[in-house]
Structures are given as C-alpha cells and as structure tokens.
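Q: Would you mind keeping the following structure in view while I ask a few things?
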Amino acid sequence: MRKKKEEGRLSGILESMTDEDKEKVIVLSDKLSKRQTQEDDPEILPKVGLEDVPPKMEIIEGKNTIVAGLPLTMFEQGTNGLVYQQIVVNLPEIENELLQLIPYFSSCMTELGCGELDYLETQAWQDRVSGGINAHTAIMSELGNVQNVDGYFVLSGKALSRNYESLLQLMEKTLNSVRFDEYPRIREIIAQQRAGREQSVTGNGHMLAMIAAASGISPKAALSHKLQGLSGIKHIKKLDDELKSEQFIKGFADNLIQIHQRLLNAPKQLLFVCENEYQSEFQSKLENISGNFKSKSDEFRTFNLEPVDQLVKQAWITSSQVNFCAKAFPTVTMDHPDAAPLAVLGGFLKNGYLHRAIREQGGAYGGGASHDSDTTSFRFYSYRDPRLTDTLDDFDQSIQWLLAEKHEWRQVEEAILGVIGKMDKPGSPAGDAKESFYNRLFGRTPEKRQLFRERVLAVTLDDLKSVGEQYLVPDKASVAVICSAEKENECKDIGLEIIPL
C-alpha cells in the first residue's frame with residue numbers, strides 16, 4: 001500500500017514537470033554521477049602510516065593452576081571492584097535433533113528456577129548477589145583443518161568482590177539443578193526469542209545473508225546458519241507454534257534435560273578475572289565449592305560435526321521492502337599465509353570499489369567485503385539494498401577491478417591499517433582477559449596471533465591480486481539473498497532456490 005502511494009506521488013510530480021524542469025534533473029543527475037566517480041585528494045587530511053603502527057600486539061596472559069581437581073585460569077586485571085567467573089564445559093557429542101536446541105537450552109539455563117526456587121525467586125537471587133549470569137556456547141574451527149571443530153558451553157557471571165562467594169553458590173546451583181519443569185516460563189522465553197529473532201532480519205540482514213551464503217563451506221558455518229542464521233529463525237517460528245501443545249512442550253523440556261545431563265557428565269575448567277589483591281582469597285573460596293562442578297561420569301564423547309562442502313544458491317523470502325545480498329568463496333584458516341592478504345583484501349575492495357558502486361551509485365545503505373578465517377570464507381555483502389542482481393554483478397566487477405586496474409600503494413596501506421585497527425582495538429580489562437583465554441583455548445596462541453599480525457603488515461598489492469585470482473573464482477561462489485516475494489522471478493532467473501522465511 002505504501003509503495004503504491006509513493007509511486008502515485010512520484011508519478012504526479014513527473015506529470016507536473018515542464019521540459020525545462022526535466023532538463024535540470026538530467027543535468028543534476030549527470031553532475032552527481034561525475035562527483036561520485038571523482039577521486040578525492042588523499043593529502044588534504046593528516047594520516048597515520050604503517051610506520052606509526054607498533055610491531056607487536058599487547059596480549060595479556062593468565063596464570064594456570066588446579067583447584068579441587070579442575071583446571072583454573074586466573075587473570076589479574078583492574079576490574080574496579082568486580083570479579084568475573086566462568087565455568088567452561090567441553091561440549092559433548094550431540095545428535096542433530098538435540099544440537100538444534102542448544103541456543104534454547106542456553107537461554108533457558110539462566111532464566112528458569114533452580115533447586116527448590118522458581119524462576120521469580122531465582123531472578124531475585126541473581127539481582128541480589130550478581131551483576132547478571134548468562135550462558136552461551138563457543139565453537140570454533142580447528143586451525144589448519146576447517147572440517148574439524150571444537151566447542152564449549154560457558155556459564156558466566158560477574159559480581160562485586162564482596163559477593164564472590166554468593167556468586168559461586170548461585171552459579172553452582174544454576175548449573176547443577178536448573179528446573180526444566182516450568183513449562184509456562186519456557187513458552188514465554190521461546191516466544192520472546194522468536195520476536196527478537198524475527199525483528200533482527202531488517203536490522204541485521206546483511207550478516208544473516210552472509211552466514212547463509214557461507215553455510216556450505218565448513219561445519220562451523222553450517223552450524224551458525226542452523227542456530228543463529230536464517231535457518232534458525234525459521235526453526236524458532238515453527239517451535240514457538242508447536243509449544244502451544246502441552247504434550248509437545250513436555251517432550252521439548254525432556255530434550256533440554258538430556259542436554260543438561262550430558263553437560264554435567266562433561267569435563268570442565270574454570271576462569272576468573274579480578275584484581276590482584278583478591279586472588280588468594282577468591283581461590284580459597286573456589287576450592288570449597290569447585291568440587292561440585294566436577295564431571296558426574298567418566299564417560300564422555302567429544303563434540304563433532306559432519307564435514308560440509310557444497311555450493312549454496314538461496315533466496316530467502318520475507319516481507320522486507322529492501323534486499324540483503326551476499327556472496328561467499330571458500331578460503332583458508334588464520335594460520336595459512338594467505339589469510340593475511342585475504343583479510344586486507346576485504347577493506348581494499350570496500351574502500352576502493354564496493355562503497356562507491358553499491359552505496360553511492362546503487363543506493364544501498366551499505367556494502368563491502370570481509371574475510372572470516374574461522375569459517376574460511378571471503379564474503380561480499382550489501383545492506384538495505386534496492387537492487388539485487390546488479391549488486392551481485394558489482395561483487396564480481398570488484399574482482400575484475402582488482403585484477404585489471406592500476407592501484408596506488410596508499411589504498412593498500414589504508415586497508416592494512418583497517419585490519420590492524422580492529423586487532424588493536426582496546427577492550428575492557430575483563431574483555432581482554434576473556435579474549436586471551438578463548439584464543440588460547442582454541443589454539444590461537446599469542447605466537448600465532450603475532451605471526452598473523454606480522455603477515456598483515458607485510459601485505460603487498462601483488463599479494464592482494466594473487467589471493468583474489470586464486471580464491472575469488474566465479475565457479476566457487478555461493479550466493480544468498482534476503483528479499484520480498486516481488487523479487488522471486490528475478491531470483492529464479494539467476495538460479496536461486498526460493499525459501500520462504
């Protein structure tokens with residue numbers, strides 16, 4: 001209705017225009033086109049160069065010890081009187097039916113009651129002793145072999161230092177005795193998640209499209225699409241409708257209980273971050289309770305995923321009036337020498353070609369490219385885009401621009417600085433500690449991260465052309481778009497599978 005009204009308004013304006021008015025519009029349009037293709041003078045503003053970049057990263061390291069038979073990593077950080085505690089559980093082997101439920105399990109873990117307390121009493125307890133507790137999964141690909149993955153379930157909390165012992169008691173009770181018998185509350189949690197996930201399409205459509213496009217490249221990418229991506233949104237809509245049945249919700253809760261029991265039987269380790277003056281005291285308190293975190297069984301099978309290697313050609317149909325387009329190519333993990341130039345190439349293509357073609361000339365809110373070494377995918381994207389096929393063509397044209405045109409060194413330097421800026425972006429003291437812990441946990445050691453940084457700083461224009469020619473091959477491209485039903489025929493014409501969202 002709104003679109004027809006707007007078309008009628010524009011038609012009225014056109015009919016009221018004189019020949020002189022139309023000529024003015026043509027002239028202005030020509031001037032705009034010339035301005036959009038005009039190169040700005042890069043010397044007008046001061047700039048940072050590679051000579052200003054420190055050669056080494058600052059990576060904090062934790063102290064490792066054993067507490068009551070469990071591995072513990074401690075970080076001394078200036079946390080302003082706060083303490084951060086995490087229980088890190090090895091993900092067990094999980095069949096596909098249960099694996100799809102992991103996000104719901106994580107969200108329910110800290111939103112339900114525990115022990116003899118219902119969810120309202122538990123939330124009051126959380127508010128009384130902590131700054132909040134939450135649960136999530138951390139899954140990454142193995143360096144050097146993207147078909148292998150490693151995963152962990154994490155229960156995380158923070159509190160004022162004086163409440164540390166109470167935080168531990170809360171987390172122990174939550175982990176060991178969460179209640180999955182509060183059916184109305186479970187329904188409410190899933191309904192809230194559904195609403196949030198559906199609303200995320202218009203605000204985060206470019207990421208969802210990229211996840212979908214890369215989903216055939218690696219097991220981690222396929223799982224991201226299944227749990228956090230468009231496939232996950234479709235699943236939660238179906239699940240929310242099914243949970244209206246009393247019989248179904250009991251079966252759903254029983255499945256969550258199965259996941260819970262497997263986690264209780266899995267190996268665990270601990271992480272805490274606090275100020276130096278509290279470490280001895282907190283470690284002593286942890287000794288008294290950490291025995292309750294131990295595995296309940298010696299039987300454990302490690303988490304794994306089926307190998308994935310296929311092309312994706314999908315169009316996800318929703319009510320959006322704009323499009324989100326993505327194209328993905330298989331690449332390499334972070335430890336490969338080509339990972340550094342691929343990371344730089346994303347910014348090089350965005351700054352030099354894609355921003356102008358997709359946003360300034362194409363009318364999209366945004367567009368670009370990036371390399372994700374965890375899923376080993378180089379991904380193009382557009383955000384809130386009025387076009388579809390033309391944007392996909394622009395992705396390909398940017399590759400031709402890279403290989404065929406002459407480029408200045410400053411363009412490469414700007415892209416390198418963009419990658420380094422993200423690597424050196426300061427975080428909170430606790431955030432830096434957690435990042436260091438999980439990077440090491442997944443094999444991204446300080447030595448490997450430093451080597452990647454050195455490779456980024458050494459990238460040349462020839463390196464960019466080499467990886468562009470080697471990896472961004474048209475026959476290896478996967479495509480995913482999010483669009484309205486009005487674009488179905490256009491999607492079919494380019495060979496995309498139509499999937500209602």
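The values are calculated or read from the model by the stated rules, or taken from the named source; none is laboratory data. Keep in mind that this is a model prediction, so the values were computed, not measured. Reconstructed Cβ throughout: ideal geometry from the backbone, glycine too, with neighbour counts over all protein chains shown.
Q: Go through segment 89-101 residue by residue and tally those that are surrounded by 13 or more Cβ atoms within 10 Å (Cβ to Cβ) and over 14 Å from R262 (Cα atoms).
A: 1
Q: Quickly run through segment 122-165 and pick out the residues that are assigned to a helix (DSSP H, G or I), touching a Phe, Trp or Tyr at 6+ places or on another chain (Cβ under 9 Å) and surrounded by fewer than 18 Cβ atoms within 10 Å (Cβ to Cβ). Steps first, answer last, please.
A: Let us first name the residues in segment 122-165 that are assigned to a helix (DSSP H, G or I), namely 122-129, 161-165.
Next, only the ones that are touching a Phe, Trp or Tyr at 6+ places or on another chain (Cβ under 9 Å) stay: 161, 164-165.
Across segment 122-165, the qualifying residues are S161, E165.
Q: Out of curiosity, is E360 modelled with pLDDT under 95, closer than 20 Å to L461 by Cα and either assigned by TED's automatic domain parsing to the domain that holds K487 or charged (D, E, K, R) (or both)? Write out each step before concluding.
A: Values: modelled with pLDDT under 95: yes; closer than 20 Å to L461 by Cα: no; either assigned by TED's automatic domain parsing to the domain that holds K487 or charged (D, E, K, R) (or both): yes.
When the stated conditions are applied, E360 does not pass them.
Q: So is A138 among the hydrophobic types (A, V, I, L, M, F, W, C) and either within 18 Å of R444 (Cα to Cα) or out of contact with any helix residue (DSSP H, G or I) (no Cβ under 6 Å at 6 or more places or on another chain) (or both) or not? Before the answer, list the steps.
A: Values: among the hydrophobic types (A, V, I, L, M, F, W, C): yes; either within 18 Å of R444 (Cα to Cα) or out of contact with any helix residue (DSSP H, G or I) (no Cβ under 6 Å at 6 or more places or on another chain) (or both): yes.
Against the criterion (among the hydrophobic types (A, V, I, L, M, F, W, C) and either within 18 Å of R444 (Cα to Cα) or out of contact with any helix residue (DSSP H, G or I) (no Cβ under 6 Å at 6 or more places or on another chain) (or both)), A138 qualifies.
Q: For segment 453-463, state whether one or more residues are surrounded by fewer than 16 Cβ atoms within 10 Å (Cβ to Cβ), touching a helix residue (DSSP H, G or I) at 6+ places or on another chain (Cβ under 9 Å) and closer than 16 Å to K350 by Cα.
A: No - not one qualifying residue is present in segment 453-463.
Q: Hey, does segment 441-458 have a residue that's in contact with a Phe, Trp or Tyr (Cβ under 6 Å, 6 or more places away or on another chain) and aromatic (F, W, Y)? Walk me through how you get there before you give the answer.
A: As a first pass, look at segment 441-458 and keep what is in contact with a Phe, Trp or Tyr (Cβ under 6 Å, 6 or more places away or on another chain): none.
No, because not a single residue in segment 441-458 is in contact with a Phe, Trp or Tyr (Cβ under 6 Å, 6 or more places away or on another chain) and aromatic (F, W, Y).
Q: With a cut-off of at least 1 residues that are under 23 Å from S200 (Cβ atoms), in contact with a strand residue (DSSP E or B) (Cβ under 6 Å, 6 or more places away or on another chain) and β-branched (V, I, T), name the strands (runs of 3 or more DSSP E) lying wholly within segment 233-350. Let's see the steps before the verdict.
A: On the way: elements: 268-274, 313-317, 323-330.
It comes to 313-317.
Q: While we're looking at this one, here's another question. Looking at (1) under 30 Å from G78 (Cα atoms); (2) of a type outside the set (S, T, N, Q); (3) assigned to a helix (DSSP H, G or I), which is the only condition R455 fails?
A: Exception for R455: condition (1).
Q: Right, another one. If the Cβ limit is 6 Å and pairs must be 6+ apart or interchain, which residue in segment 154-171 that is in the same structural domain as C108 (by TED's automatic domain parsing) and at positive phi pairs with which residue that is at pLDDT below 95 and surrounded by fewer than 17 Cβ atoms within 10 Å (Cβ to Cβ)?
A: Matching pairs, first to second residue: none at all.
Q: On the given criteria, is D181 surrounded by fewer than 16 Cβ atoms within 10 Å (Cβ to Cβ) and outside any helix (DSSP H, G or I)?
A: Details: surrounded by fewer than 16 Cβ atoms within 10 Å (Cβ to Cβ): yes; outside any helix (DSSP H, G or I): yes.
Yes.
Q: When segment 38-81 is examined, which residues are found to be of a type in the set (D, E), surrounded by 10 or more Cβ atoms within 10 Å (Cβ to Cβ) and either at pLDDT below 85 or part of a loop (DSSP other than H, G, I, E, B) (or both)? Please lay out each step first, then the result.
A: Taking segment 38-81 as the starting set, the residues that turn out to be of a type in the set (D, E) are 39-41, 43, 51-52, 58, 61, 76.
Restricting the remaining residues to those that are surrounded by 10 or more Cβ atoms within 10 Å (Cβ to Cβ) gives 61, 76.
Listed by number, the list holds a single entry, E61.
Q: Quick check, is K24 modelled with pLDDT of 70 or more, exposed (fewer than 10 other Cβ atoms within 10 Å of the Cβ) and in a helix (DSSP H, G or I)?
A: Numbers: modelled with pLDDT of 70 or more: yes; exposed (fewer than 10 other Cβ atoms within 10 Å of the Cβ): no; in a helix (DSSP H, G or I): yes.
Answer is no for this residue.
Q: Hey, another quick one. Specify which of the listed residues (Y119, Y84, Y104) is in the same structural domain as I233 (by TED's automatic domain parsing), aromatic (F, W, Y), crowded, with 20+ Cβ neighbours inside 10 Å and touching a strand residue (DSSP E or B) at 6+ places or on another chain (Cβ under 7 Å).
A: Selected residue: Y84, the only one of Y119, Y84, Y104 that is in the same structural domain as I233 (by TED's automatic domain parsing), aromatic (F, W, Y), crowded, with 20+ Cβ neighbours inside 10 Å and touching a strand residue (DSSP E or B) at 6+ places or on another chain (Cβ under 7 Å).
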